[in-house]
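Trainee: Supplied in structure tokens, the structure appears directly below.
The values are calculated or read from the model by the stated rules, or taken from the named source; none is laboratory data. Computed from a predicted structure; not experimentally measured. No Cβ is skipped: glycine too gets one built from the backbone with ideal geometry, and neighbour counts run over all protein chains shown.
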Protein chains: 2
Amino acid sequence: MKASRPLILLTNDDGIHAEGLRYLRMVAEKLGRVTIVAPEAEQSAVGHSITLYDPIKAREVVKDGTFYGHGTSGTPADSVKLALYSILPEPPAMVISGINNGANLGINVLYSGTVSAATEAAILGVPAMAVSLAQKKTPPFPWVLDHIEKLARWVLKKGLPRGVALNVNLPALPPDQVRGFKLTRQGLSKFRESFQERQDPRGNRYYWLSGQATADETDPDVDVVAVQSGYVSVTPLYYDLTAYNCLKENAILLEKL
Amino acid sequence: MKASRPLILLTNDDGIHAEGLRYLRMVAEKLGRVTIVAPEAEQSAVGHSITLYDPIKAREVVKDGTFYGHGTSGTPADSVKLALYSILPEPPAMVISGINNGANLGINVLYSGTVSAATEAAILGVPAMAVSLAQKKTPPFPWVLDHIEKLARWVLKKGLPRGVALNVNLPALPPDQVRGFKLTRQGLSKFRESFQERQDPRGNRYYWLSGQATADETDPDVDVVAVQSGYVSVTPLYYDLTAYNCLKENAILLEKL
């Protein structure tokens, strides 16, 4: 009987030793058989990186005397590819990436290793979701784990349209301030950011990216706003960057070139 | 008079010393004042990575006794951010990323540092294009440079809708086999790929990503097919990953959670 439980692959970008992954594992073990394939080291803001010109190492990570998962030298997207092509004995029923320490909303979706792991799974035909908690909070409120479980159970039961991954962001609020799930779209405002210029002791320039990662969004259907308003934001993502609006208009102009 | 020529920022992911960038500079210098801000080292397949937890170094690179450009320790997206926020004296009229050694088509658009540099510029409100040559070919055929110039001139004159970047891929064909520009959409088929598993002398596992980067696409409006058919593929890209098709359908289901 046990072997027929769905196989669930977990990964993240905070690294295999992250607390968020440990909590995600607790949730996933209620739903099926769990395999972890995740980067050994923290990989935040690696975006949709893949490793082409170096080999990817993988080793079995043991915690408290028992096998915990496969730690890789690759990125989150690498880890998903490696799991699906080489490590897992069968295609998983679902891939979950997280629980990320901090939100992945708006433009940050493009920079997020957590999200790109889910997108990679979706490209490879596996239902997937990326899960992020808006602020660091360990342990997470129990309602956070309940909501992740509920959504994962729904995805396992209903599936997702081919190629679609869910980007899930939970507010770090006590249970009485949470307003439930809200389906959202990705925010598109750029962030207020800047670089601080410094000099090293030898007079060489270097820069730190800094500034507020805040965007000017007001539409309640936008991911950033939904989380600010106390909702669990669920954005369906698809890996097509084509600007369809431009296709017709520009076609005419291109012909004149 | 000279100061009023448009400022054009060039970058790439093959690194500041790449031949492709040198040819791109020749083209861009016909159109305006050129500044190069590009990674010092090759950065292929870094996707839309940004550097958050390390400083980004920048130094002035001299070639043949004259200043050539700013070499950074960052990714292509970092280099664009750094240029726009800190290095350039004014916002550029345009950002061009390339000429990449090898195509950036279909799913590879997600992994491409070349493309993400253009996307980053678009996010920051600057018209941008990523330019890739389908196969290594040095020097490029003169028609390749002519076509890049033509398109860049058109973008400088007409602009692009806010947030849109062009992903341009040129076939490595002699001039008589080229069929002109074609407006395309991003291919969505996954690639045939696999990992080769090996063991190091100490018995540790490691993997090389390998396999054919070919996709099963037949629609002539898809980027991959257009280039295979001898066209210069021009795909307008927008940085919104929302799967709009799913928004209504799933909304109903989410309410039942």
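Trainee: Take the residues in segment A:154-184 that are assigned to a loop (DSSP other than H, G, I, E, B) and of a type in the set (A, V, I, L, M, F, W, C); name whichever of them is nearest to B:Gly187 (Cα to Cα).
Mentor: Once the filter is applied, the top-ranked residue is A:Leu160.
Trainee: Would you be able to tell me the number of residues in segment B:183-194 that are more than 8 Å from chain A (Cβ to nearest Cβ) and over 17 Å from the mean Cα position of the chain (by Cα)?
Mentor: The total comes to 3.
Trainee: Can you find even one residue in segment A:34-42 that is closer than 24 Å to A:Trp154 by Cα and surrounded by fewer than 22 Cβ atoms within 10 Å (Cβ to Cβ)?
Mentor: Checking segment A:34-42: at least one residue is closer than 24 Å to A:Trp154 by Cα and surrounded by fewer than 22 Cβ atoms within 10 Å (Cβ to Cβ).
Trainee: Counting just the residues of segment A:75-102 that are surrounded by fewer than 24 Cβ atoms within 10 Å (Cβ to Cβ) and among the small types (Gly, Ala, Ser), which one comes out farthest from the other protein chains (Cβ to nearest Cβ)?
Mentor: Within segment A:75-102, the match that is farthest from the other protein chains (Cβ to nearest Cβ) is A:Ala93.
Trainee: A:Thr72 fails exactly one of the following numbered conditions: (1) of a type in the set (S, T, N, Q); (2) under 14 Å from the mean Cα position of the chain (by Cα); (3) buried (at least 23 other Cβ atoms within 10 Å of the Cβ). What is the number of that condition?
Mentor: Only one criterion is unmet by A:Thr72, namely (2).
Trainee: Go through (1) assigned to a loop (DSSP other than H, G, I, E, B); (2) of a type in the set (Val, Ile, Thr); (3) in contact with a Leu (Cβ under 6 Å, 6 or more places away or on another chain) for A:Thr218 and report which single condition fails.
Mentor: (3)
Each row is one residue, and each column tells you yes or no for (1) of a type in the set (S, T, N, Q); (2) modelled with pLDDT of 95 or more.
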{"residue": "B:Ile96", "(1), (2)": "no, yes"}
{"residue": "B:Leu105", "(1), (2)": "no, no"}
{"residue": "B:Ala117", "(1), (2)": "no, yes"}
{"residue": "B:Val131", "(1), (2)": "no, yes"}
{"residue": "B:Thr138", "(1), (2)": "yes, no"}
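Trainee: Determine which single condition A:Leu124 fails, assuming it passes every other condition in (1) touching a Leu at 6+ places or on another chain (Cβ under 6 Å); (2) more than 9 Å from chain B (Cβ to nearest Cβ).
Mentor: In the conditions (1) touching a Leu at 6+ places or on another chain (Cβ under 6 Å); (2) more than 9 Å from chain B (Cβ to nearest Cβ), A:Leu124 misses (2) alone.
Trainee: A further question on this structure: Going by what's in this entry, would B:Tyr231 be described as within 7 Å of another protein chain (Cβ to nearest Cβ), at pLDDT 90 or above and within 19 Å of the chain's Cα centre (by Cα)?
Mentor: Criteria not met by B:Tyr231.
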